[in-house]
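Shown next, in C-alpha cells, is the structure this report addresses.
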Number of protein chains: 2
Amino acid sequence: MIKGTEQKIKDAALTVFIQKGFANCTSREIAREAGMNVALVNYYFRSKSKLFAIIFESVMQDFLKSMVQVFCSELPFREKIRLLIEREFEFLVQHPDIPNFVLNELARNPKAIEGILPVLHMVNESGVFDEAKKLQASGEMRSMDIVQVTLLIMSNCQYPFMAGPLMKVIHGVDETTYTAHLNAHKTHAVSMVLGYLFPNDQIPNNA
Amino acid sequence: MIKGTEQKIKDAALTVFIQKGFANCTSREIAREAGMNVALVNYYFRSKSKLFAIIFESVMQDFLKSMVQVFCSELPFREKIRLLIEREFEFLVQHPDIPNFVLNELARNPKAIEGILPVLHMVNESGVFDEAKKLQASGEMRSMDIVQVTLLIMSNCQYPFMAGPLMKVIHGVDETTYTAHLNAHKTHAVSMVLGYLFPNDQIPNNA
DNA sequence: AGTTGAATTAAACAATTGTTTAACTTTTTA
DNA sequence: TAAAAAGTTAAACAATTGTTTAATTCAACT
C-alpha cells in the first residue's frame, strides 16, 4: 500500500504531536518525520494549528469510539461495564500516550473539546445512563451519580497508563514488567468496579 | 509579609509552569507575572530550564509529601489507606493541576524524575510495603502485587482531578457541581478500595 | 558625600519559530 | 505534445524565543 503525501503528513503529525504535545514540537519536526519539506505541510494543511485540530479530533474519535460502541450494544449492563473496561485496556495497550495527550491539551486549551460534542451526543442517545438509573431504582445497583460511575471506570483504566513513567521509577520496574502489571490490573479493575457497583452480586473470592 | 524578588519569581514560575507547562510558556510571561523585567529572571536563576528544574522538584516534594507522612505514621494499615486517600483529595482540591503537570512533564522528559528519588527512598524505608505483605500472608488482605495496590489508590485519587475539563463537558456540569462530585467521589474511593483490598471486612452497605 | 556592589532595566543578540514566496518538477489534460 | 495545474523545494520573512550586554538605579558602608 502506497501512502499519499497528505496521509504521510497526518501520520507524522500524529506521532509527533502525541509524543511531544502541540507546543513542544515544530512544523519542521513533523516535516522531517514525514520525509519532506516544511512548506508541504502548510501546503496541505495551511497551518500548524489547523493540522493539529484535525489530528486532535481524529484522536478523540478513536479515544471514545470503543466506548460508544459498547454503550450502543445490546449487552446486559454488567457486561457493558466489563467489556468497556476490557476494550479500553486493549486500546490503551496500543496507544498508551493518548490519555495524557488528550487531557493535557484539553487542560491547556479548553475550546479544543468542541470537536467531540457529536460523539458525546451518541453516548447520551445510547440510553446507557437511563439503563443505569433503572438498575439503581431497583436497588440492584449501588445508588450514586452517573458522573461518579464514569469516574470509577475511567480512572482505573486510563490512569495506570498515564502514570507509567512515574510508576516504573517508584517501583523500580522496567517496561516489560510494568506491562505485565497493567494486564493484571485490568482484571482487578473489572472485579473491583463491578463488585462496588453491584454489592449484592456473588463475586468469586480468589483471596 | 514582604516577598523578596527571588520568591516572587518562584511564585510566578509555579503559577505559569503549572498552568501552561514548560514548553508552552515564555520567560517573559513569567517575568510579567512576577511584575519585572525578563533579565531579572535569568539574573536569579541563570536560565528558564534551571528555574523549571527547581520548581518541578519542589512541586514533586509537595506532591509526595503527604503520602510519605502517612506511610511513616504509626496508624493501622487500613487507616493509612483511608488517610492517604483523604489527604490526597485535600491536596488535590487545592492543586488540581499538579498531577497533569507532573505526569506530562515526566512523559516528555523522563530524566526530570531523578529529583524525587530521595523521597521514594523514604517510602521504601517506611516499611509500609512489608506491612502490606504481612497482611496478605495472613489472608486478611487480598493478595496482589504492591504495584497494583498503588495503582488502585492513585488512579482513584488523581484521575478525577486530571479529567476535570473532560468530565465537565461529557456530563455538562459546571465547576461548582463538579467539585461536589469530587467530594462524593472521595467517599466512594475510600470504601471501594478498602472493600476490595479487604474483602472479608464488614462494610456498611448504604445501597 | 562618595564609593562599592548588588539589583534592575532597556536594548541587543543569535537562534528558532510559523508562514510565505518564488522557482522548479511532475502530473494531468486538452 | 504543449499548456495548465498540482506537487515539491529552497530560500526568505517577520515574529518570537532564550539569553546576554551594558547602562542605570538603588542600598549599604566608610
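Annotations for the structure displayed:
- Any hit, region A:50-58, residues being within 16 Å of DNA strand D (Cβ to nearest atom) and either of a type in the set (Gly, Ala, Ser) or touching a His at 6+ places or on another chain (Cβ under 9 Å) (or both): no
- Against the test of being open to solvent by 50 Å² or more (accessible area, probe 1.4 Å), at pLDDT below 95 and outside the structural domain of A:Ile116 (by TED's automatic domain parsing), the options A:Lys10, A:Lys3, A:Lys65 yield a single qualifying residue, A:Lys3.
- Residue tally, condition part of a loop (DSSP other than H, G, I, E, B) and open to solvent by 60 Å² or more (accessible area, probe 1.4 Å), over region B:70-95: 5
- Listed by position, the helices (runs of 4 or more DSSP H) inside region A:123-207 whose residues that are farther than 23 Å from B:Leu117 by Cβ number at least 3 are A:128-137, A:146-162, A:175-197.
- Filtering region A:13-33 to residues that are open to solvent by less than 70 Å² (accessible area, probe 1.4 Å), within 13 Å of DNA strand C (Cβ to nearest atom) and not in a loop (DSSP other than H, G, I, E, B) leaves A:Ala13, A:Val16, A:Phe17, A:Lys20, A:Ser27, A:Glu29, A:Ile30, A:Ala31.
- Every residue from region B:34-62 that is within 14 Å of DNA strand C (Cβ to nearest atom) and open to solvent by less than 60 Å² (accessible area, probe 1.4 Å): B:Ala34, B:Met36, B:Val38, B:Leu40, B:Val41, B:Phe45, B:Ser47, B:Lys48
- B:Val41 under 20 Å from A:Val169 (Cα atoms) and among the β-branched types (Val, Ile, Thr): no
- Top-ranked residue of region A:17-33 - restricted to ones that are within 14 Å of chain B (Cβ to nearest Cβ) and more than 15 Å from B:Asn104 (Cα to Cα), ranked as farthest from DNA strand D (Cβ to nearest atom): A:Glu29
- Taking the criterion of being at the interface with chain A (Cβ under 9 Å from one of its Cβ atoms), modelled with pLDDT of 80 or more and open to solvent by 50 Å² or more (accessible area, probe 1.4 Å), the residues of region B:99-123 that qualify are B:Arg108, B:Leu117.
The values are calculated or read from the model by the stated rules, or taken from the named source; none is laboratory data. Just so it is clear, the model here is predicted, and its values are computed rather than measured. A quick note on method: Cβ atoms are made from the backbone with ideal geometry, for glycine too, and the neighbour counts reach across all protein chains shown. Just so you know, the surface numbers come from the protein's heavy atoms only, side chains and all, with ligands and any DNA or RNA stripped out. Shrake-Rupley method; radii C 1.70, N 1.55, O 1.52, S 1.80 Å.
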